[in-house]
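Have a look at the structure below before the remarks.
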Amino acid sequence: MTKNQSLERGLELLELVQKSDKPLGTRDMARKLGVSPAAVQRLVNTLNERNYLARDPETRRYRVGYQAILFGNAIARSDALLVEGRRELEEVTRKLRVDSYMATLQGQNAFYLLCVTGEALVSVRCEPGDTIPLHSTAIGKCILASLPDAEILEILGPGPYPAITGSTLTTPDSFLAEIEATRERGYAIVENENIEGITSVGALLDLPNAPSKTAISISFSPYFSKDIDTEEAAAVIQAAARRISRSVAI
């Protein structure tokens, strides 16, 4: 299939600005994208005129504009997965007093679709669009456990995998053993592997027609949330995953 190069480059530029933690100038964009400043300026002019980018009059740098935000809000209001997912995650967060998340597979990572913050003393904060590693998170392990081992190794590579903490599984053998345990349990559990002092429990959504694998999870500090039993928390998150899957399939 042929692709529209100008459209693809414009989308790459939007993604670049969206991921940046500060506004970008046209020369910054050109350097990062590997294209000429003149080509970037033409794209920027069009996107700015249609409010997909917004220009700071003093610095002459650009950030994501309101039109892009309106698209995101429209999706959040109308997409069944996001609507049902948020309803269920908010209930899980209220019931267990934890943080809860939904993320989907994207290449060698997963990226958050939903992030619901609870009222616990220790909270893991994130935003939709943030990416997370697959090998050290409950959501990542849920997603990978649904794939054959050969495909898992193709996604993650030959190893060793990055040691996010001292508890992260970094070798293919140890990781695949944990993946097999995840399959047998029916849920993933991560203790101190992605953030020291944080436990995460995740469950895969059963969405056969979805474009990519998606899972939900909760996170909490066992030290500050002593009343949370991991197996009971797993039962809650699995039940939420089943309800979301049924609602979206209707």
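Worth a mention:
- For SER212, the test of being surrounded by 15 or more Cβ atoms within 10 Å (Cβ to Cβ) and either more than 20 Å from LEU169 (Cα to Cα) or not aromatic (Phe, Trp, Tyr) (or both) is failed.
- Qualifying residues in segment 113-124 (those that are not aliphatic (A, V, I, L, M) and not in a strand (DSSP E or B)) - the one most open to solvent (accessible area, probe 1.4 Å): GLU119
- Test for SER174: is it among the polar types (S, T, N, Q), within 16 Å of VAL190 (Cβ to Cβ) and surrounded by fewer than 16 Cβ atoms within 10 Å (Cβ to Cβ): yes
- Figure legend. Inter-residue proximity from segment 45-63: first residues on the phi > 0 side of the Ramachandran plot and touching a residue at least 24 places away in the same chain (Cβ under 8 Å), second residues surrounded by 13 or more Cβ atoms within 10 Å (Cβ to Cβ) and among the small types (Gly, Ala, Ser), beta-carbon distance below 7 Å, spacing 6+ or different chains. Indicated pairs: ARG60/GLY25.
- Matching helices (runs of 4 or more DSSP H) fully within segment 125-201 where at least 1 residues are touching a Lys or Arg at 6+ places or on another chain (Cβ under 6 Å) and closer than 25 Å to ARG86 by Cα: 138-145, 172-185
- Number of the exception - PRO158 against (1) touching a helix residue (DSSP H, G or I) at 6+ places or on another chain (Cβ under 9 Å); (2) at pLDDT 95 or above: (2)
- For the residues ALA103, ALA110, the requirement of being more than 24 Å from ASP229 (Cα to Cα), surrounded by 22 or more Cβ atoms within 10 Å (Cβ to Cβ) and small (Gly, Ala, Ser) singles out ALA110.
- Residues satisfying the stated conditions in segment 24-60, i.e. under 20 Å from PHE71 (Cα atoms) and surrounded by 12 or more Cβ atoms within 10 Å (Cβ to Cβ): LEU43, VAL44, ASN45, THR46, LEU47, ASN48, ASN51, TYR52, LEU53, ALA54, ARG55
- For segment 227-250, a residue qualifies if it is over 15 Å from LEU89 (Cα atoms), without any contact (Cβ under 8 Å) to a residue 60 or more places away in the chain and buried (at least 18 other Cβ atoms within 10 Å of the Cβ), but none of them does.
- Here LEU70 meets the list (1) modelled with pLDDT of 85 or more; (2) in a helix (DSSP H, G or I) almost entirely, failing just condition (1).
- Considering segment 134-153, the residues that are in contact with a helix residue (DSSP H, G or I) (Cβ under 8 Å, 6 or more places away or on another chain) and among the charged types (D, E, K, R) include one that is most open to solvent (accessible area, probe 1.4 Å), namely ASP149.
- Failed item, numbered, when PRO222 is tested on (1) open to solvent by less than 10 Å² (accessible area, probe 1.4 Å); (2) without any contact (Cβ under 8 Å) to a residue 60 or more places away in the chain: (1)
- Pick from segment 177-190, criterion over 21 Å from ALA240 (Cα atoms) and charged (D, E, K, R), ranking: surrounded by the most Cβ atoms within 10 Å (Cβ to Cβ): GLU178
- Within segment 31-43, not a single residue is closer than 30 Å to ARG246 by Cα and among the small types (Gly, Ala, Ser).
The values are calculated or read from the model by the stated rules, or taken from the named source; none is laboratory data. Source: prediction; values computed, not measured. Cβ atoms come from the backbone with ideal geometry, glycine included; neighbour counts cover every protein chain shown. Accessible surface areas use protein heavy atoms only, side chains included; no ligands, DNA or RNA. Shrake-Rupley method; radii C 1.70, N 1.55, O 1.52, S 1.80 Å.
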